[in-house]
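S.K.: Can you keep this structure in mind? I'll have questions shortly.
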Amino acid sequence: MPYVKNNSFLLGVNYPWRNYGYDFGSAQGDHLGVSLPAARDAIARDFERIRLSGASVVRWFLFGDGRCGLISQDEIPRAPDSVLFVDVDALLRLAERHGIRLCFPLIDYLWLQEHRGKRPAYPNEHILHFAASREAFLQNVLIPLFVRFREHPALFAWEIANEPEWAIREFHPIAEAKLHLADFRAFAIEVARAVREFGKVPVTLGSARILWTRAWTSLGLDFYQAHYYPGTESENRGGLSQQLGALQLLDKPFWLGELPARDPSHPDYSLSQALDICRRTGAFGAAVWRWTEPEAGSTDHKVGSVSTDELIKWNSSSRSFCQTV
């Protein structure tokens with residue numbers, strides 16, 4: 001398989017964004033993307049440290065909540081905007097130079113939700129709420145993206161969506177979750193087909209919880225992915241080891257796309273122990289949330305960020321263990 005070599009454990013980090021929603025493309029003429037010189041310099045320094053830490057995969061949100069990257073008319077996507085490909089190309093070039101591969105979650109669950117004035121409005125915020133505009137987004141924006149970066153050596157995977165369950169009423173019955181599972185599943189199947197036909201790189205989906213992984217086994221993914229946070233598992237008696245063990249009969253490999261650097265609400269949680277469990281239970285890799293410092297006052301703030309030394313230490317002990325078994 002193209003994403004794993006010699007049964008190695010693919011350690012990754014989430015570098016989810018520099019500026020949420022603004023890293024790729026422009027918003028009403030305002031361009032803050034990753035291709036700007038100051039951004040490229042900062043990212044290059046970070047990528048160097050990431051490789052030093054032993055990580056080889058970076059997970060980075062692409063469209064986020066849809067505020068940048070596409071041209072739309074009457075809430076119908078017409079084309080990528082003029083700098084979307086410039087920004088994606090710049091990041092892929094940096095990744096290739098530093099021996100890193102990128103996993104791009106195409107859309108975040110916030111774009112799938114309906115917020116009804118609870119968040120600042122953006123011109124494209126309702127595009128994914130309707131079948132016709134979802135299809136136009138696929139045909140006019142995503143497929144050109146897949147074609148432009150077809151078989152790129154720095155691409156680890158296109159990820160259909162980040163934690164879509166939080167926008168699907170069957171999983172998360174809140175006012176903002178209006179999307180039906182059947183409607184999202186139909187869209188996700190079409191995106192997966194398009195990646196295989198036009199992108200020629202692996203395709204995955206970032207499920208919000210390990211126990212929901214099996215909901216996505218019929219999409220035609222190349223590998224399964226889910227996220228684990230002890231604080232969201234209060235009603236689930238099985239810990240990380242038990243949950244991963246229950247996935248061993250899946251028909252595709254499994255990658256843990258997010259696990260926290262720390263969890264103050266669960267003082268017994270240990271990142272190094274969690275990574276050990278992932279390796280021991282057969283996951284082909286895991287990505288730590290997160291590399292970049294969380295924004296002040298954000299829900300991520302208590303989780304914090306992972307340090308280079310922390311990952312180097314785990315990699316060193318992991319190699320020593322492998323050499324003795």
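Computed from the coordinates by the stated procedures, all read-outs in this text should not be read as laboratory data. Bear in mind the structure is a predicted one, so any value in this text is a computation, not a measurement. Every residue, glycine as well, gets a Cβ built from its backbone with ideal geometry; the counts of neighbours run over all protein chains shown.
S.K.: Do we find a residue being aliphatic (A, V, I, L, M) and within 21 Å of T299 (Cβ to Cβ) anywhere in segment 190-209?
M.R.: Yes, some residue in segment 190-209 is aliphatic (A, V, I, L, M) and within 21 Å of T299 (Cβ to Cβ).
S.K.: Based on this model, can you work out whether G282 counts as in a loop (DSSP other than H, G, I, E, B), closer than 18 Å to L10 by Cβ and either free of Cβ contacts under 8 Å to residues at least 60 places away in the same chain or not polar (S, T, N, Q) (or both)?
M.R.: The answer is yes for G282.
S.K.: When residues of segment 11-32 are filtered for being in a loop (DSSP other than H, G, I, E, B), touching a Phe, Trp or Tyr at 6+ places or on another chain (Cβ under 6 Å) and either within 30 Å of C278 (Cα to Cα) or of a type in the set (D, E, K, R) (or both), how many remain? Don't jump to the end; show me each part of the working.
M.R.: Narrowing segment 11-32 to residues in a loop (DSSP other than H, G, I, E, B): 15-25, 28-29, 32.
Subset that is touching a Phe, Trp or Tyr at 6+ places or on another chain (Cβ under 6 Å): 15-17, 23, 32.
Imposing the further condition that a residue be either within 30 Å of C278 (Cα to Cα) or of a type in the set (D, E, K, R) (or both) reduces the set to 15-17, 23.
Adding up the residues that qualify gives 4.
S.K.: Tally time: how many residues in segment 207-227 are assigned to a helix (DSSP H, G or I) and in contact (Cβ under 8 Å) with a residue 60 or more places away in the chain?
M.R.: In the first step, residues of segment 207-227 are kept if they are assigned to a helix (DSSP H, G or I); the result is 210-216.
Subsequent filtering for residues that are in contact (Cβ under 8 Å) with a residue 60 or more places away in the chain retains none.
Final tally of qualifying residues: 0.
S.K.: Does P120 satisfy being surrounded by fewer than 20 Cβ atoms within 10 Å (Cβ to Cβ) and farther than 28 Å from S8 by Cβ?
M.R.: Taking the combined requirement at face value, the residue satisfies it.
S.K.: Next question, about the same structure. Just checking, which of W216, W255 is crowded, with 20+ Cβ neighbours inside 10 Å, within 25 Å of W291 (Cα to Cα) and among the hydrophobic types (A, V, I, L, M, F, W, C)?
M.R.: W255
S.K.: Is there any pair linking a residue in segment 102-120 that is free of Cβ contacts under 8 Å to residues at least 60 places away in the same chain to one that is β-branched (V, I, T) and assigned to a strand (DSSP E or B), with Cβ under 7 Å and at least six apart or on different chains, and which?
M.R.: Short answer, once both residue conditions are applied: L102/V58.
S.K.: Quick check on my filter: what residues within segment 157-179 are closer than 19 Å to L106 by Cα and of a type outside the set (A, V, I, L, M, F, W, C)?
M.R.: E159, N162, E163, P164, E165
S.K.: Select from segment 221-235 the residues that are touching a helix residue (DSSP H, G or I) at 6+ places or on another chain (Cβ under 9 Å) and more than 20 Å from I168 (Cα to Cα) and list them in ascending order.
M.R.: D222, P230
S.K.: Taking segment 92-115 on its own, how many of its residues are out of contact with any strand residue (DSSP E or B) (no Cβ under 8 Å at 6 or more places or on another chain) and either over 16 Å from G66 (Cβ atoms) or of a type in the set (G, A, S) (or both)?
M.R.: Looking only at that region, the number is 6.
S.K.: Report, by residue number, each residue of segment 163-185 that is outside any strand (DSSP E or B), in contact (Cβ under 8 Å) with a residue 40 or more places away in the chain and not aromatic (F, W, Y).
M.R.: Matches in segment 163-185: E163, P164, E165, A167, A175, E176, A177, K178, D183.
S.K.: Next up: Kindly check whether there is at least one residue in segment 285-304 that is in contact (Cβ under 8 Å) with a residue 40 or more places away in the chain, outside any loop (DSSP other than H, G, I, E, B) and basic (K, R).
M.R.: Scanning segment 285-304, I find no residue that is in contact (Cβ under 8 Å) with a residue 40 or more places away in the chain, outside any loop (DSSP other than H, G, I, E, B) and basic (K, R), so the answer is no.
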